[in-house]
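Asker: Mind looking over this structure? Questions follow.
The values are calculated or read from the model by the stated rules, or taken from the named source; none is laboratory data. From a predicted model like this one, the values you see are computed outputs, not experimental measurements. Every residue, glycine as well, gets a Cβ built from its backbone with ideal geometry; the counts of neighbours run over all protein chains shown. For accessibility, only protein heavy atoms count, side chains too; no ligands or nucleic acids. Shrake-Rupley method; radii C 1.70, N 1.55, O 1.52, S 1.80 Å.
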Amino acid sequence: MLRPTPLLKLLLALAATSATAAEPAIRNLNLRGLAIGSTTTLAFDGDDLTTTPKLLLPFAGQAELKPGNTDKKAEFAVTPAADVPPGYYQLRLVTDGGASLPVIVGVDKLPQLPFGKTVESLPAALHGTASGSGIQETTFTGKAGQKLIAEVEAQRIGSKLRPVVHLIGPERRQIGWSWPAPALFGDTRLEATLPADGTYTLTIHDLEYAAPNPSFFRLKLGQWSYVDHVFPSGVAKGQTQVLELIGAATTKLELPGQAAIGVLPLDWPQEGLWSGPRPFVTVSSTAETIEQATPAPPTGQELPAGLVAVSGRLAAPFEEDRYRVPVVPGSKLKLEVLAERTGSPLDVALIVRNDKGAPLARGEDSPGTIDPVLEYAVPADVNSVTIGVADALGRGGPRGAYRLLIDPQSPGETRSDFLLITAIQRIAIPDGGRMLVPILAERRGYAEPIDLSAARLPAGVKLDNVTIPAGADGTLLTITRGEEPAEATIAALAGKTSTGDERTVAIKDHPLARLQPWLASEIAFAPTSLKATDYAIDWGDLAADAALVPTAKLTLPVKLVRPDENTAVRLTLVTSQIEPLNNNRPDPARTLRLEKAVEIAPKMATGEAVVLVPAELASPVYDLSLQAEFLSADKKTVLATSFAPVRRMEVRRQVLLTLEGGPKFEATLDPKAGATVTIAGKLERREGFTGDVTLALTGPAAVTATIPPIKADASDFTLTLKVPANQPVGEIPLKLAGTFVPDPKQANVRVKTLDLDFTLVLEASAN
């Protein structure tokens, strides 16, 4: 997965700035919920709200601005339409300065009330804050035998409160309590049957009596229906499937075959008062199967060969589900379980067993989750293994659902998949201006171009630089707007391959990415009143063929336009590079970066920024731009932000390697002597490099190579490979690469060439 890096932090900074510094900011909201078909008054506290903000609704409904607003406070009477599905939604305020970052609200048919000392009628949703060591308390009247649910939504809607709930009876004795549950993503739910008539007390506090800010909560009290999990959580494209909506009770839903791959929100059942996150299912291109109801043999339920997903349940304590999987000797088996990440209470352990049931490998927690990921190297003489799924704590039950992904990877085989992410949640575009949206591609075997598009763009807004080139990290998507009027809207970006395979662009680390993943693709587009011609940055005398040369410096000249020449301008480099990591930490030495901080002084109409090009660059091209922040006289306020036009620059390698007659080379394996293969190659030096090059081979340890160093006056070389007699016949993937010192004055800085992939095909001797 892509990790947070200084680059992504910069992108988040871009998300917080725009062509104007007056984007509205929401600090607090009185109620974190809305009642479907009813009117609720929402009071926003914040900054730069102006006196005439608009509330950008993500659903059908009305939002009427109430009188008496200030730049710090705005009230709206909000009425969601009667057919709005219950679930979580994101609200944003919009002004002439742009759109705010979103706040999350729960939407259902419960009355929305401020938290108070007494609740007159149930069910209801109560909204309050439990800050620091504070304890919030309310009372209600209950009847003997009455069933009650007390559920706190906090972590799921953006709060940092770790909620604990206590239910106290009429005699001041505790009836029950609950604390944060992983299956509720850190929130809590208490269910009880009231023992007697009388007044009951319910209290809420932080788990450690030290609630960080913000510590708001939404307490739902009474009786309603909810869905915690969908089984199966994944279905194959085009497959009709009966789904189970698992909650207080289990409801079945027939899902017709779906044509599109991705996350599909499900319709709520017609009957019942529903509340909570909206259920969904993943539609995949993978073969999907379900655990058999009948007992499987000791070796496990038979699964087909190839990429497959199986949905199952650990219904009883200490149960272990087993699946027999055909494998290719010498291949790798990647195993992954989705359980905790989809709301299951399981802490799954994966066990790889042989046909006799003996364990061969085990995997449990993986980074960021208690769900396991395990890679198993299949021995040379093994044709099948048994995969066991168990709970690490021996638990089980009707909610103990999981989805097991089995991905066999034969030597030389790669999957063709990708993910697209951005850190931008809002885009504010001035009249005639531009905004950049860095879109990064996490490639999982797919190396071809990806074309981007947008749904629900405002009028007059266009996309440029929409293609992520083959093998590239990403693109700086350019959003431009004409001078015609435009309305704010919520849009989504997507990327598509030449074969029609499509992925939605997701917002990095979005808080609802697991609960309602489609909300992680919402981006607010908002026009601003600022004229782009007032504040602008453009390239100076930058050569049309400017390129990135490893270890070299690139000078970027710029020219500026601003209404006040006494304004200083701060420059920041923006690129499409995914910043490399070293020991899971960002590695500046391998990152495109400015040589030093750049600030253009007042009255200066031109300037320059120097880019340091690292020795290693994985992509063939990168997009570059400079962000200009126009500062107030005291340099504490950003008056406006503008971006230079995106320049796509190729990486010019100083050394290129080629092999004559490749990329496949055949050899006959002698049963006694093995094989010796001689391959001729050529080295080409570029960009002024004239030094020595050292070559190295990567591949199976049994394959050795004799490669003499290539001196400065030579370009031809010979690669001699030796293969032992016991090497299995077939294809052997190999890589050849070179390293060199581009600058003799910096002998410790070495540059590596691109890997040259080729294949040695071994055939058995006829004798």
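Asker: Which fully enclosed strands (runs of 3 or more DSSP E) of the range 498-540 have 2 or more residues being closer than 23 Å to ASP451 by Cα, of a type in the set (Ser, Thr, Tyr) and open to solvent by less than 60 Å² (accessible area, probe 1.4 Å)?
Answerer: none
Asker: Please count how many residues of the range 90-101 are open to solvent by 30 Å² or more (accessible area, probe 1.4 Å) and either under 17 Å from ALA150 (Cβ atoms) or modelled with pLDDT of 95 or more (or both).
Answerer: Result for the range 90-101: 1.
Asker: Under 25 Å from ARG686 (Cα atoms), within 30 Å of the chain's Cα centre (by Cα), open to solvent by 60 Å² or more (accessible area, probe 1.4 Å) and of a type in the set (Gly, Ala, Ser): which single residue out of ALA544, ALA589 fits that description?
Answerer: Matching residue, one of ALA544, ALA589: ALA589.
Asker: Return the residues of the range 121-177 that are within 21 Å of LEU91 (Cα to Cα) and either of a type in the set (D, E, K, R) or touching a Gly at 6+ places or on another chain (Cβ under 7 Å) (or both); say none if nothing qualifies.
Answerer: Hits for the range 121-177 are ALA125, HIS127, GLU153, GLN155, ARG156, ILE157, LYS160.
Asker: Can you tell me which of ALA532, ALA524, ALA544, ALA520 is modelled with pLDDT under 95, of a type in the set (Gly, Ala, Ser) and out of contact with any Asp or Glu (no Cβ under 8 Å at 6 or more places or on another chain)?
Answerer: The unique qualifying residue is ALA544.
Asker: Of a type outside the set (A, V, I, L, M, F, W, C), open to solvent by 70 Å² or more (accessible area, probe 1.4 Å), over 15 Å from GLY300 (Cα atoms) and at pLDDT below 90: is that true of ASP381 in this structure?
Answerer: So ASP381 fits the description; yes.
Asker: Collect the residues in the range 281-307 that are assigned to a loop (DSSP other than H, G, I, E, B), of a type in the set (A, V, I, L, M), open to solvent by 30 Å² or more (accessible area, probe 1.4 Å) and touching a residue at least 40 places away in the same chain (Cβ under 8 Å), keeping them in residue-number order.
Answerer: Selection gives ALA305, LEU307.
Asker: Here's a check for you: in the range 611-657, which residue that is within 30 Å of ASP755 (Cβ to Cβ) and small (Gly, Ala, Ser) is farthest from the chain's Cα centre (by Cα)?
Answerer: The extreme case among them is ALA615.
Asker: Moving on. Report whether or not PHE717 is over 41 Å from the mean Cα position of the chain (by Cα), aromatic (Phe, Trp, Tyr), farther than 14 Å from GLY699 by Cα and modelled with pLDDT of 90 or more.
Answerer: Judged against the criteria, PHE717 is a match.
Asker: Here's a follow-up. Within the range 610-659, can you find the residues that are of a type in the set (S, T, N, Q) and assigned to a strand (DSSP E or B)?
Answerer: Those that are of a type in the set (S, T, N, Q) and assigned to a strand (DSSP E or B): SER625, GLN627, THR641, SER642, THR658.
Asker: Quick one: which residue in ALA609, ALA568, ALA601, ALA615 is among the hydrophobic types (A, V, I, L, M, F, W, C) and out of contact with any strand residue (DSSP E or B) (no Cβ under 6 Å at 6 or more places or on another chain)?
Answerer: ALA601
Asker: Within the range 339-349, track down each residue that is buried (at least 22 other Cβ atoms within 10 Å of the Cβ) and under 10 Å from PRO372 (Cβ atoms).
Answerer: Residues satisfying the conditions are ALA339, VAL348.
Asker: Related question: Taking the criterion of being charged (D, E, K, R), part of a strand (DSSP E or B), open to solvent by 20 Å² or more (accessible area, probe 1.4 Å) and under 26 Å from VAL263 (Cβ atoms), would at least one residue in the range 360-367 satisfy it?
Answerer: The answer is no, given that none of the residues of the range 360-367 is charged (D, E, K, R), part of a strand (DSSP E or B), open to solvent by 20 Å² or more (accessible area, probe 1.4 Å) and under 26 Å from VAL263 (Cβ atoms).
Asker: Also, quick follow-up: Against the definition (buried (at least 20 other Cβ atoms within 10 Å of the Cβ) and at pLDDT 90 or above), how does ALA390 come out, yes or no?
Answerer: yes
Asker: I need the full set of residues from the range 103-118 which are assigned to a loop (DSSP other than H, G, I, E, B), in contact (Cβ under 8 Å) with a residue 24 or more places away in the chain and open to solvent by 10 Å² or more (accessible area, probe 1.4 Å), in order please.
Answerer: LYS109, PRO111, PHE115
Asker: Also: Would you please name the residue that is most open to solvent (accessible area, probe 1.4 Å), looking only at residues in the range 420-448 that are on the phi < 0 side of the Ramachandran plot and over 20 Å from the mean Cα position of the chain (by Cα)?
Answerer: Among residues in the range 420-448 that are on the phi < 0 side of the Ramachandran plot and over 20 Å from the mean Cα position of the chain (by Cα), the one most open to solvent (accessible area, probe 1.4 Å) is GLU448.
Asker: Something else about it: Given the conditions (1) under 24 Å from the mean Cα position of the chain (by Cα); (2) modelled with pLDDT under 95, report the number of the one that GLN239 does not fulfil.
Answerer: With respect to (1) under 24 Å from the mean Cα position of the chain (by Cα); (2) modelled with pLDDT under 95, GLN239 is out only on (1).
Asker: Which residue, of LEU617, LEU581, is out of contact with any helix residue (DSSP H, G or I) (no Cβ under 7 Å at 6 or more places or on another chain), under 29 Å from LEU420 (Cβ atoms) and open to solvent by less than 40 Å² (accessible area, probe 1.4 Å)?
Answerer: LEU617
Asker: Can you tell me which residues in the range 129-150 are open to solvent by less than 20 Å² (accessible area, probe 1.4 Å) and either farther than 23 Å from PRO170 by Cα or without any contact (Cβ under 8 Å) to a residue 60 or more places away in the chain (or both)?
Answerer: Within the range 129-150, ALA130, GLY142 qualify.
Asker: Considering only the range 68-94, state which residues are closer than 27 Å to PRO517 by Cα, over 27 Å from the mean Cα position of the chain (by Cα) and in a strand (DSSP E or B).
Answerer: Across the range 68-94, the qualifying residues are VAL78, THR79, PRO80.
Asker: Still on this model: Among the listed residues LEU273, LEU335, which satisfies the condition of being modelled with pLDDT of 95 or more, aliphatic (A, V, I, L, M) and surrounded by fewer than 18 Cβ atoms within 10 Å (Cβ to Cβ)?
Answerer: Testing whether each residue is modelled with pLDDT of 95 or more, aliphatic (A, V, I, L, M) and surrounded by fewer than 18 Cβ atoms within 10 Å (Cβ to Cβ) leaves just LEU273.
Asker: May I ask you to list the residues in the range 449-492 that are part of a loop (DSSP other than H, G, I, E, B) and over 23 Å from the mean Cα position of the chain (by Cα)?
Answerer: Selection gives PRO458, ALA459, GLY460, GLY482, GLU483, GLU484, PRO485, ALA486, GLU487, ALA488.
Asker: Determine, yes or no, whether ARG278 is open to solvent by 10 Å² or more (accessible area, probe 1.4 Å), among the basic types (Lys, Arg) and closer than 23 Å to PRO163 by Cα.
Answerer: yes
Asker: Say we look at the range 261-270 and pick out the residues that are in contact (Cβ under 8 Å) with a residue 40 or more places away in the chain, in contact with a Ser or Thr (Cβ under 9 Å, 6 or more places away or on another chain) and closer than 19 Å to LYS237 by Cβ; which of these is least open to solvent (accessible area, probe 1.4 Å)?
Answerer: Ranking the candidates gives GLY262 first.
Asker: Out of THR572, THR567, report the one residue that is of a type in the set (Ser, Thr, Tyr), open to solvent by less than 60 Å² (accessible area, probe 1.4 Å), assigned to a loop (DSSP other than H, G, I, E, B) and under 30 Å from ALA633 (Cβ atoms).
Answerer: Step by step, each of THR572, THR567 is checked, and only THR567 is of a type in the set (Ser, Thr, Tyr), open to solvent by less than 60 Å² (accessible area, probe 1.4 Å), assigned to a loop (DSSP other than H, G, I, E, B) and under 30 Å from ALA633 (Cβ atoms).
Asker: Go through the range 58-86 residue by residue and tally those that are among the small types (Gly, Ala, Ser) and loosely packed, with under 14 Cβ neighbours inside 10 Å.
Answerer: Matching residues across the range 58-86 total 4.
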